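Reading through the C-alpha cells given below for one structure.
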Amino acid sequence: MTQETETLAVKMEAVSKWYGTFQVLKEIDLSVKRQERIVVCGPSGSGKSTLIRCINLLEEYQVGQITVDGRVLSPEIKNAESVRQEVGMVFQQFNLFPHLTVLENCTLAPTEARGTPLAEANETAMKFLEKVRIPEQSGKYPSQLSGGQQQRVAIARSLCMNPKMMLFDEPTSALDPEMISEVLDVMIDLAESGMTMICVTHEMGFARQVADRVIFMDAGEIVEQADPETFFGNPQSTRTKKFLGQVLAH
Amino acid sequence: MDFDFAGITPHLPAFVQGAFVTLGVSIPGALLGIVVGLVLVAGQRAPIAPVRWASSTYVSFIRGTPLLVQIFFVYYALPGLFGFNIPAYFAGVLALCLNSGAFVTEILRAGLSSLPLGQWDAAKSVGLSRYKTWRFVILPQLFYRILPPLTNEFTMVVKATPLLSVITVVEITRTAQHVMNETFRPVEAFVVAAIFYFVMLFSLSRATRKLETWAEAYRA
Amino acid sequence: MSFDFQLIYESWPLFVKGIAVTIFISLISISVSFFIGVAVALMRLTEKRIPVLIAVSYIELIRNTPFLIQVYIAFFVLPAVGIRMEAMTAGIVCLAVYGGAYFAENIRGAILAIPRGQEEAAKALGLSYWKIQRKVIFPQMLGYLIPTTTNLTLSLIKDTAILSVITVPELTYMAQVMIGEAFAPVEGFTVIALMYWGLNSIVAAAARKWEYHSCRHLRVNADSSEKVVVAVLPETR
C-alpha cells in the first residue's frame, strides 16, 4: 500500500470489461480521493452504471485493477461481503425489501452481516432515518411510502452500515418530478457532511452545487473530467458539448 | 425385461378408436361444463341469497372432492337415488361437465373482475344500454381473457378422462387394459396409451400458450 | 329415497382407517414432492444445457400424461425390472414423482417473481449468500408460494383417490369395500365425499391462516399497484 493509495477511496487502473464480445468499459483510469464528491454523467449505454457497480463487486471485470479503500479487488470476487459492507449503494429502483418495515430494512444488514445487537441497530437506524427526515415512517412497509420516501429510506439503509463511501446509481431517475428535490436535498446534506460519494445522475443542478469533479463517459470511456465550473462553462471535447447541449436544453 | 412393442402395432387401430372416444367425452364434457359454469356464475351473483349460497356450496363441494368419487357417484349412486340406470358414456360426460363447470366458474369470475372498471364507466358515458354494453364492450373483451384459461381447462378435462375407464367407458386407458389382457404385455400397452395422451396434452398445452400470447394483444 | 345411517355407523371404522391412510400418503408424498420440486426448479434455472434438459423433460413428461396412466405404468413396470413394492409404497412414490413436476413449476415461478434488484440490494449491503436467501428472498417467495402450493396440495390429496385402483387401502378403496358388501353406493360415496370435502376445507383454512401471518406486507395496501394475490386455478384435478 503506497502513500498514494492510502488516501485514495477508489483507484481504477486500465479497467476493461466485456459482455461477451461487447466491450462496455475501455481501459478506465480513475482515482477518487477520500471525501471527494464525483458525479458521472453520459448517454445511456456509456457504461457509467457498470463502472460504479464494479466498485462494489456487483459486476466482475476482466482486465485491470480496482483498489477500494486500500484493498485490491481481485477479478474473481473473493470475500465480496467485507468490501460491500464498506461501500454503500443506492439504486434507481430503490430495491427496498417489501416484506420488512422501514426500520427492519435498516437493521437487517447490521444485525445479520455484522452481528450488531438489535437495540444498537435500532438506535442507529432511527438516527439515520431522522437524517433523511422520515423517522415517523419507521413502522410502515415500503409499499405504503411514496417513491421519494422509499429512496430516502434506501439511503438511510445504506448509511446504517457506516460505509466509507456511497455509490448512487441514478437515484432520482425513477422518481416523479415533485419528489426529486427531497432526495437531492438528502444527498446534498450527505455530501456536506464529508461522505465520499460517486453519483451517476442526470441532475446537473446537483452536480454544479455539490460535485468536486464531474466525469463524462461515452461508449465505455472517460471522455472528460473537470471541476463543475470548467466542465459546464468550458467543455473541451465535442462529445461533451453535444451531450451538455442535449441535457441542458430543457 | 423384454419389451415387444412390435406386438402392439396390430392393436393401434383400437387405440385410435379409444382416442376418438376420449375426445368424444372430453369435448361435450367441456362444452357443457362452460354452460354449467355460466349458470353457477349467474347463481353466485343472484339477488336471492339461497341461490347464491347453493352456487357457492356446489362449487366448494366439487372442488373439495376427488373427481373419481364424483364419477362413481354419478354412475353408481345416482341410479340408486333416482331409480334409473345411466349408460357409462353419459355418466362420464355428466360427471365431467358437472366437475368442469365448477372450475369454469372461477375462470369466468376472474375474467370479469380483470376487466378494468373504467370500461363500464366509459360505456355508460357514451350512452350505451346495459345490454349493448355487454354485447359490444364487455363480452368481446371477456372473450380474449377467458379463452386461454378455458383451453387449459379443456386440457384438464382430457387429462381426467382416464378415470372414466373405471366405469367401463372404452377410451384410451380402457383400451390399453383390453390390449394388456389380450397380449399379456401391460407395459407396452400403457406406454402406447401414455404416448397418445402425451401427444394430445402436449399439443393442447402448446396451443394454450400460443393463445395466451395472441390474446395479450387484445387486452387493455 | 332412504339414507341408511345405521350402515354408515357400522362401517365407520373402515372409513376412519381409509382416511388415516389418505392423510398418511398425502403427508409423505407431498413433502417428498416439495423437495423434488425444489431440486428440479433449481436445475431448471441453472442455464446449463444438461440439467435444464433433464428438468424440462421430467416436467413436460409428467405434466402431459394423466396420473392414472403413470400409476399403471409404475404398477407394471416396476416388477418387470425387479423392484417389488407394496401397493402403498408404490402409490406414495407415484404421487411424489407426479407432484414433484408441479411443485417444480410453482417454485420456479416463485423464484422468478422476485425482482433481481432484491438480491443486488442485499448483496450491496454485504449480506452473505445464505443470509440473502433466508432473510430476503425466501420470505418474499412465501407470498407467491402459499396460495399456489396450497392449491397443489389440495389437488394431490384428491389424487390419492386414484390410488384405489391399485388397491391402496385409502378412503375411496374402503368405500368400494363397504359398497361391495352392502350394496349401498349412495351412502358410501356420499360419506367419503363429505370426508374429503372436510379434510380439504381444514387444509385450506390452515393455509389461509398461514398466509395471513406471513404476508402482512401484502395486505397493508389494499389498493397497492403491486398485486401479488395469485388467481387460484388448480394444476391437477
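It is to be established whether one or more residues within segment B:48-58 are at positive phi, loosely packed, with under 15 Cβ neighbours inside 10 Å and within 13 Å of another protein chain (Cβ to nearest Cβ). Within segment B:48-58, not a single residue is at positive phi, loosely packed, with under 15 Cβ neighbours inside 10 Å and within 13 Å of another protein chain (Cβ to nearest Cβ). Taking (1) within 30 Å of C:Gly180 (Cα to Cα); (2) without any contact (Cβ under 8 Å) to a residue 40 or more places away in the chain; (3) surrounded by 15 or more Cβ atoms within 10 Å (Cβ to Cβ) in turn, C:Gln6 satisfies each apart from (3). Selection within segment B:174-190: residues that are without any contact (Cβ under 8 Å) to a residue 24 or more places away in the chain and assigned to a helix (DSSP H, G or I). The member of this set that is surrounded by the most Cβ atoms within 10 Å (Cβ to Cβ) is B:Phe190. Within segment B:146-177, the residues that satisfy the criterion of being under 17 Å from B:Ala102 (Cα atoms) and facing chain C (nearest Cβ under 7 Å) are B:Pro149, B:Met156, B:Lys159, B:Ala160.
Annotation for segment C:32-39: at least one member residue is more than 27 Å from B:Glu153 (Cα to Cα) and not aliphatic (A, V, I, L, M). List the residue pairs whose Cβ atoms are under 6 Å apart, where the first residue sits in segment A:223-239 and is under 19 Å from A:Asp29 (Cα atoms), the second is in a loop (DSSP other than H, G, I, E, B), and the two are 6 or more positions apart or on different chains. Sorted first by the residue in segment A:223-239, then by its partner, the pairs are A:Val223/A:Ser237; A:Glu224/A:Gln236; A:Glu224/A:Ser237. Strands (runs of 3 or more DSSP E) fully within segment A:139-232 that include at least 2 residues being surrounded by fewer than 22 Cβ atoms within 10 Å (Cβ to Cβ) and charged (D, E, K, R): A:213-218, A:221-226. Go through segment B:195-211 and count every residue that is away from chain C (no Cβ under 13 Å) and touching a Ser or Thr at 6+ places or on another chain (Cβ under 9 Å). Of the residues in segment B:195-211, 1 are away from chain C (no Cβ under 13 Å) and touching a Ser or Thr at 6+ places or on another chain (Cβ under 9 Å).
Condition check for C:Val191 on (1) modelled with pLDDT of 85 or more; (2) farther than 22 Å from B:Pro162 by Cβ; (3) facing another protein chain (nearest Cβ under 9 Å): one failure, at (3).
Evaluated against (1) in a helix (DSSP H, G or I); (2) without any contact (Cβ under 8 Å) to a residue 24 or more places away in the chain, B:Ala46 falls short on exactly one condition, (1). Of the residues making up segment A:112-138, those that are in a loop (DSSP other than H, G, I, E, B), surrounded by fewer than 16 Cβ atoms within 10 Å (Cβ to Cβ) and of a type outside the set (Lys, Arg) are A:Gly115, A:Pro117.
The single condition from (1) buried (at least 17 other Cβ atoms within 10 Å of the Cβ); (2) in contact (Cβ under 8 Å) with a residue 12 or more places away in the chain that C:Gly109 fails is (1). Listed conditions (1) away from chain C (no Cβ under 12 Å); (2) out of contact with any helix residue (DSSP H, G or I) (no Cβ under 7 Å at 6 or more places or on another chain); (3) assigned to a helix (DSSP H, G or I); (4) among the small types (Gly, Ala, Ser) are all met by B:Ala123, apart from (2). What about C:Phe103, is it more than 14 Å from chain A (Cβ to nearest Cβ), assigned to a helix (DSSP H, G or I), of a type in the set (Phe, Trp, Tyr) and surrounded by fewer than 16 Cβ atoms within 10 Å (Cβ to Cβ)? The answer is no for C:Phe103.
Within the set C:Val77, C:Val38, C:Val52, C:Val71, the sole residue that is within 12 Å of another protein chain (Cβ to nearest Cβ), assigned to a helix (DSSP H, G or I), on the phi < 0 side of the Ramachandran plot and surrounded by fewer than 18 Cβ atoms within 10 Å (Cβ to Cβ) turns out to be C:Val77. For segment B:82-91, the condition holds for at least one residue, the condition being that it is within 9 Å of chain C (Cβ to nearest Cβ) and either touching a His at 6+ places or on another chain (Cβ under 7 Å) or not in a loop (DSSP other than H, G, I, E, B) (or both). Test B:Val158 against the criterion of being under 27 Å from B:Pro28 (Cβ atoms), not in a loop (DSSP other than H, G, I, E, B) and not basic (Lys, Arg), and give yes or no. Considered against the rule, which asks whether it is under 27 Å from B:Pro28 (Cβ atoms), not in a loop (DSSP other than H, G, I, E, B) and not basic (Lys, Arg), B:Val158 comes out as yes.
Going by the conditions given, is C:Leu218 more than 21 Å from B:Leu164 (Cα to Cα), part of a helix (DSSP H, G or I) and modelled with pLDDT under 85? For C:Leu218, the condition - more than 21 Å from B:Leu164 (Cα to Cα), part of a helix (DSSP H, G or I) and modelled with pLDDT under 85 - is met. Looking across segment C:161-186 at every residue that is outside any helix (DSSP H, G or I) and of a type outside the set (A, V, I, L, M, F, W, C), the one that is surrounded by the most Cβ atoms within 10 Å (Cβ to Cβ) is identified as C:Glu170.
The values are calculated or read from the model by the stated rules, or taken from the named source; none is laboratory data. Worth saying up front: this structure is predicted, and the values here are computed from it rather than measured. Here Cβ is always computed from backbone atoms with ideal geometry, including for glycine, and neighbour counts include all displayed protein chains.
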